[in-house]
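Below: one structure, written as structure tokens.
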Amino acid sequence: GENVEQHPSTLSVQEGDSAVIKCTYSDSASNYFPWYKQELGKGPQLIIDIRSNVGEKKDQRIAVTLNKTAKHFSLHITETQPEDSAVYFCAASMGTGFQKLVFGTGTRLLVSP
Amino acid sequence: DAGITQSPRHKVTETGTPVTLRCHQTENHRYMYWYRQDPGHGLRLIHYSYGVKDTDKGEVSDGYSVSRSKTEDFLLTLESATSSQTSVYFCAISESGGNQPQHFGDGTRLSIL
């Protein structure tokens, strides 16, 4: 079936450390992979995305890598700060005809000062 | 932030009553989506719209209907609410199809007693 698995479900790091969140997807035809950050009481906010014709993309302290052969992609956050604490969701586009986003189950990241 | 307003932000109602949630956008985007968010499930697509009066089902559409009479408004209706529909509901918009960046509202927390 169409699914995205996300790990870990919770991640605790010290301020300044790096954090890595990993996702695997089931549909080899998926071509769009966004990452969202959700703070308490807010909607998910798009922080970075990558398409299947690119292996890596960076934006300041965050980066996403994609391995199409293995069907997995990862979010990397360097020099973490307390304000990075939130729930992060990965997603992958799936389906024939209209491609919809299928989301992972989320990772709660806690950055301690 | 994308101009997306969801109303109401919170609602408590009883089993068997009808409920309508509203999503209003000021971005003139063609696509609009309704998701529900539940612990352990991430975000799941209920219905989406690809234009005025054009809608289709997502993966968890049973018990829900939608309408889009204007580009800017997308309504989600629970004809006869059940306790299993207690959830946080998010609206999202995108300029074009599902494999394009989607931007989310801040959600409606719905409790059905």
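What follows is calculated from the coordinates using simple rules that are stated; it is not laboratory data. These numbers come from a predicted model, not from an experiment. Every residue, glycine as well, gets a Cβ built from its backbone with ideal geometry; the counts of neighbours run over all protein chains shown.
Structure data summary
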read-out	value
Qualifying aspartates and glutamates (Cα of each under 12 Å from Cα of A:Lys71; at least 8 residues distant if same chain)	A:Glu5, A:Asp27
Nearest-0.05 FRET efficiency for A:Arg51 and A:Ser18, computed from C-beta distance (R0 30 Å)	0.80
10 Å Cβ neighbours from other chains, averaged over peptide B:30-40	2
Fewest-first ranking of B:Thr26, A:Thr105, using other Cβ atoms within 10 Å as the exposure measure	B:Thr26, A:Thr105
Chymotrypsin sites (Phe, Trp or Tyr not before Pro) within segment A:42-113: DSSP coil, no more than 10 neighbouring Cβ in 10 Å	none
Dipole of chain A [Lys/Arg +1, Asp/Glu -1 at C-beta], most positive-end residue of A:Thr10, A:Ala86, A:Tyr32	A:Tyr32
Per-pair calculated FRET efficiency, R0 = 25 Å: B:Asp54 and B:Arg109 via Cβ, rounded to 0.05	0.30
Fewest-first sequence of A:Asp59, A:Asp84 by Cβ atoms within 10 Å of each Cβ	A:Asp59, A:Asp84
Residue exposure sequence - A:Met94, B:Met32 - by fewest surrounding Cβ within 10 Å	A:Met94, B:Met32
Distance between segment A:90-113 and segment A:18-35 - C-alpha centres, whole angstrom	7 Å
Percent of beta bridges antiparallel (DSSP, the protein assembly as shown, rounded to nearest 5)	90 percent
Debye, to nearest 20: dipole size of segment B:17-113, +1 on Lys, Arg Cβ, -1 on Asp, Glu Cβ	100 debye
